[in-house]
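Just below is one structure, and these are the notes that go with it.
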Amino acid sequence: MNVECPYCHCAYKIDISLLRNPLGNEHLGYGWWLRCHRCHRKWWLKNTDVERECNTPLIASKQTRIDRLSAFASRKARKQGRVCSGYGFAKIALLVVVAICIAALYLNRHVFRDYLIVKARRATESIIPKIEITDVRYAVSDDNVVVTGKITNKDITVVSVSGVRVAVLDGSSKVLSWESQIESGTLPPGRQIEFSATHALPPGVSDMRVEVSVF
Ligand SMILES: [Zn+2]
């Protein structure tokens, strides 16, 4: 096929078999870029010209065309600062989901805070169960001190109490302390049991106080 450079009119003979698959160009349609060997300028050879010359429809490489067009489109989109390509849309969707999550957390911040407080309280309570010791009384008879009282499980879980530890003080100094086992020490929530602990009392205690704790 004979081709002529449109600038310097240098003539070329091109093998048609080399021009089987035209390439797609966004602005120029299908064809090929040719460069003149003499003046080094480029021009676009249309595939329709080649088809007319060889009387055969040429098959455009569709994949090439799509690749080039999409590459061109994404370059163009970047230049214009557009983010509405497929990838950009995914990013926007992700941002929207994150924003909704943050908004939901913000709107329910009281619920969330209460949840954290309850969780923290539970963690503390699991270490120190809420056991209430009430109605602590003592009586002295025959040189023995009898200490009685009530133990209540104020916790939300079952608490095991092995016994009570009783300390007898004279003023601020401890004069006696002992431990007394409790028979049924497994307390469901809200259960109250009574205890009674007896021990021989040393003589000469004038300002007597008792302190009770559980173990
Ligand atoms: Zn030329």
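The values are calculated or read from the model by the stated rules, or taken from the named source; none is laboratory data. Computed from a prediction, not measured in an experiment: that's the story for all the values here. Please note: Cβ atoms are built from the backbone with ideal geometry, for glycine as well, and neighbour counts cover all protein chains shown.
Scanning the range 1-34 for residues that are hydroxyl-bearing (Ser, Thr, Tyr) and assigned to a loop (DSSP other than H, G, I, E, B) turns up just one, TYR7. If you go through the range 1-37 and keep only what is exposed (fewer than 12 other Cβ atoms within 10 Å of the Cβ), within 16 Å of the ligand (Cβ to nearest atom) and charged (D, E, K, R), you end up with LYS13, ARG35. Of the residues ASP155, ASP142, the single one that is at pLDDT below 85 and surrounded by 14 or more Cβ atoms within 10 Å (Cβ to Cβ) is ASP155. Inclusion of SER184 among residues that are surrounded by fewer than 12 Cβ atoms within 10 Å (Cβ to Cβ) and closer than 18 Å to TYR138 by Cβ is not warranted. A search for C-beta distances below 6 Å between a residue of the range 19-39 that is aromatic (Phe, Trp, Tyr) and any residue that is away from the ligand (no atom under 16 Å from the Cβ), counting only pairs 6+ apart in sequence or on different chains, returns TYR30/PRO22; TYR30/GLY24; TYR30/ASN47; TYR30/ALA60.
Within the range 38-47, can you find the residues that are in a strand (DSSP E or B) and within 16 Å of the ligand (Cβ to nearest atom)? Those that are in a strand (DSSP E or B) and within 16 Å of the ligand (Cβ to nearest atom): LYS42, TRP43, TRP44, LEU45.
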